[in-house]
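The values are calculated or read from the model by the stated rules, or taken from the named source; none is laboratory data. All values derive from a computational prediction rather than experimental measurement. Counting neighbours? That spans all protein chains shown, and the Cβs are built from the backbone with ideal geometry, glycine included. Quick note on the areas: whole protein, heavy atoms, side chains included, nothing else; ligands and nucleic acids left out. Shrake-Rupley method; radii C 1.70, N 1.55, O 1.52, S 1.80 Å.
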Amino acid sequence: MDYSVVIPLYNERDSLAPLHAELSRVMQRLGRVYELVFVDDGSTDGSIEALRQIKSADKNVRVISLARNSGQTAALACGFAHAIGDVVIAMDGDGQNDPADIPRLLAKLDEGYDLASGWRTERWQAERYTRRLPSMAANSLISAMTGVKLHDYGCTFKAYRRELARSLQLYGEMHRFVPAIAAEKGARIAEVEVGFRPRRAGTSKYGLWRIVRTLLDLITVKFLSGYSTAPIQVFGLIGIVLGGLGGLWTFVLVLEKILLGRELGNRPALLLAVLLVVVGVQFVSIGLLGEMLARTYHESQGKPIYVIKEEF
Ligand code: UDP
Ligand code: MG
């Protein structure tokens with residue numbers, strides 16, 4: 001199998017047939033063996049019937065139906081786990097991505113990249129500012145925090161080498177951080193300008209909540225990529241700084257009491273100083289707990305703390 005197209009979808013009934021027709025035309029023109037893997041993420045609008053019909057007329061189609069709505073990331077991960085093509089292409093099921101861009105994504109992989117990530121240059125005209133502004137902020141923030149600079153983190157339209165797609169372990173809403181996670185594994189990443197179309201049917205599955213959820217996942221990704229094997233380095237450092245500050249301050253306060261005879265009990269500063277000491281101790285303890293968890297995590301799964309590229 002040369003190509004697998006993975007399409008997570010949730011309540012996209014009316015987009016599926018047009019998408020399938022368009023996609024088939026593009027894939028057939030490539031003249032290779034391909035499969036279209038539709039992952040139905042527990043739709044309740046009859047998407048599954050639409051897929052049954054599509055499947056009955058096209059043997060290149062595979063449909064995987066999840067037992068309940070598990071989120072776009074989970075549906076994508078399921079598709080990756082079941083795709084058998086050497087190259088895996090992911091795209092949305094709502095028809096907003098243009099299948100005609102697929103050959104250009106594939107061309108990037110032929111140039112030697114491991115991941116070709118879509119960059120929706122026309123998105124700005126197509127969408128309202130409530131989506132544009134958060135997305136702009138998210139792209140710069142994620143780029144800065146992860147050190148992997150991309151214009152469009154939100155775009156799920158991507159082509160992967162299969163080994164890369166398989167090796168990604170995605171949780172939460174982490175499909176947005178795929179390039180950062182892939183870079184962590186040493187993947188070479190290219191960005192390819194792709195089209196973007198307004199939705200013709202169905203509704204968006206995300207509201208403003210995604211901002212908060214993305215921020216939380218960003219913290220996780222940043223932490224896991226930088227410090228998951230040395231949590232004491234993060235928490236311990238914070239703990240030592242805060243605790244040290246508190247200890248010093250308490251010391252000064254006590255000195256003032258003893259040497260200058262200043263009243264100690266009625267000074268709010270004492271509360272803060274003691275609080276700093278307590279918090280500092282807690283941070284160090286969390287760091288130590290984290291160290292133990294990191295060992296359990298890596299050792300129980302035989303997961304090394306490095307990624308080998310090749311061996312001679
Ligand atoms: N999706 C999914 N499970 C969910 C939410 C979304 O599989 O719980 C799919 C959805 O059907 C679509 C893709 O993820 O194919 C992107 O979702 P959407 O178009 O709503 O996001 P937007 O384009 O508005 O950012
Ligand atoms: Mg969409």
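For this structure, a couple of remarks:
- In the set (1) surrounded by 14 or more Cβ atoms within 10 Å (Cβ to Cβ); (2) at pLDDT 90 or above, the condition left unmet by ALA269 is number (1).
- Screening ASP45 against (1) surrounded by 14 or more Cβ atoms within 10 Å (Cβ to Cβ); (2) touching a helix residue (DSSP H, G or I) at 6+ places or on another chain (Cβ under 6 Å) leaves a single unmet condition, (1).
- Pick from the stretch 72-88, criterion among the β-branched types (Val, Ile, Thr) and away from ligand 2 (no atom under 16 Å from the Cβ), ranking: surrounded by the fewest Cβ atoms within 10 Å (Cβ to Cβ): ILE84
- In the condition set (1) closer than 30 Å to GLU310 by Cβ; (2) among the aromatic types (Phe, Trp, Tyr); (3) outside the structural domain of TYR160 (by TED's automatic domain parsing), PHE223 is compliant with all but (3).
- Residues of the stretch 79-98 that turn out to be in a helix (DSSP H, G or I) and within 10 Å of ligand 1 (Cβ to nearest atom), as a count: 1
- When ASN11 is tested against (1) surrounded by 13 or more Cβ atoms within 10 Å (Cβ to Cβ); (2) on the phi < 0 side of the Ramachandran plot; (3) within 25 Å of the chain's Cα centre (by Cα), exactly one condition is not met: (2).
To keep it simple, each residue is scored yes or no on (1) at pLDDT 95 or above; (2) open to solvent by 40 Å² or more (accessible area, probe 1.4 Å); (3) more than 19 Å from GLU173 (Cα to Cα).
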{"site": "THR121", "(1), (2), (3)": "no, yes, yes"}
{"site": "TYR129", "(1), (2), (3)": "no, yes, yes"}
{"site": "ALA138", "(1), (2), (3)": "no, no, no"}
{"site": "THR146", "(1), (2), (3)": "no, no, no"}
{"site": "PHE157", "(1), (2), (3)": "yes, no, no"}
